[in-house]
Every structure is written in structure tokens, then in C-alpha cells.
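First comes the structure, then the notes that go with it.
Values in this text are rule-based calculations from the coordinates and carry no lab data. All figures in this text were calculated on a predicted structure; none of them were measured in a lab. Quick reminder, even Gly has a Cβ in these numbers, built from the backbone with ideal geometry, and neighbours come from all protein chains shown.
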Amino acid sequence: MANIKSQIKRNKQSASARERNKGVKSELRTRTKNAIAAVGTEDEESALRVAVKRIDMAATKRVIHKNQAANKKSGLMKRINALREEL
């Protein structure tokens, strides 16, 4: 455990940020799964739109890097397009 006052404060800040980021990343995974599961249904467009929006918001809030957000969106679109081809 740290003895220095500023390091104790920094540890508390890191812990709270980690909890906040964990929730955002969990939501990203959930929204992505929902978008993939919605392929072929009437709410496909809205699920995809929400997933992309959450990815962009996570990048804006710097929970994930902007390049990682671009990679996630690209991978999601590739996967959804492949599922559309199968149908």
C-alpha cells in the first residue's frame, strides 16, 4: 500500500475509473451481440445503429482508442454482412 498522499488518491481514482470503464466495455459486448442476433429481424437496423453509437461514444469518452473503435465497427459490419449473405 502506498504511503504517499497523492499516490493514495491516484489509486482511488484509478479504481473508480476502472469500474466505470468495465461497465462501458460490458455494454459494448452486449450491444454487439444484440446486433448480431438481430440480423434478419425487423429491428436489425436499430440494433446495429445502437451498437455503432455505443462504440463511438466509448471512443469519445476515451474508454477505448479511436482506432480500436474503428476496428470494432469494421469487424461488426463484416460479420453482419456475412450473416446477411447466408440468409
How long are the three semi-axes of the equivalent ellipsoid for the chain, computed from the Cα gyration tensor as the root of 5 times each eigenvalue, in whole Å, largest first?
-> 36, 11, 9
Listed residue (I64, A2, S46) projecting farthest to the positive dipole end of the chain, Cβ model = A2
For the chain, listing trypsin sites (Lys or Arg not before Pro) in a DSSP loop whose Cβ sees at most 11 other Cβ atoms within 10 Å gives K61, R62
Counting helices only, and only those DSSP H runs with n ≥ 4, report the 222 nm mean residue ellipticity of the chain as the sum of -39,500 (n - 2.57) divided by its residues, in deg cm²/dmol to the nearest 500.
-> -28500 deg cm²/dmol
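Net charge near L83: determine it from the other residues with C-beta under 13 Å of the C-beta of L83, scoring Lys and Arg +1 and Asp and Glu -1. Write down the numbers at each step before the final one.
Working: positive: K33, K78, R79, R84; negative: E44, E85, E86.
Here the charged neighbours net out to +1.
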Along the charge dipole of the chain, Cβ charges K/R +1 and D/E -1, which of A37, I55, A82 sits furthest on the positive end?
-> I55
Taking Cα atoms only, helix 5-37 is inclined relative to the longest principal axis of the chain by an angle, in degrees rounded to 10, of 10 degrees
Each label sits 7 Å from Cα toward the beta-carbon; between K33 and M1 the label points are separated, in nm, by 3.7 nm
What is the dipole size for the chain, taken about its Cα centre, with +1 at each Lys and Arg Cβ and -1 at each Asp and Glu Cβ, in debye to the nearest 20?
-> 920 debye
From the phi of every residue in region 67-72, what ³J(HN,Hα) in whole Hz does the Karplus formula 6.51 cos²θ - 1.76 cosθ + 1.60 yield, where θ is phi - 60° and glycine or proline is x?
-> 6, 5, 4, 5, 5, 5
Linear extension gain, V50 paired with S14, 0.36 nm per residue minus alpha-carbon span | 10.1 nm
The FRET efficiency for M57 and K78, from their Cβ-Cβ distance with R0 = 22 Å and rounded to 0.05, is 0.55
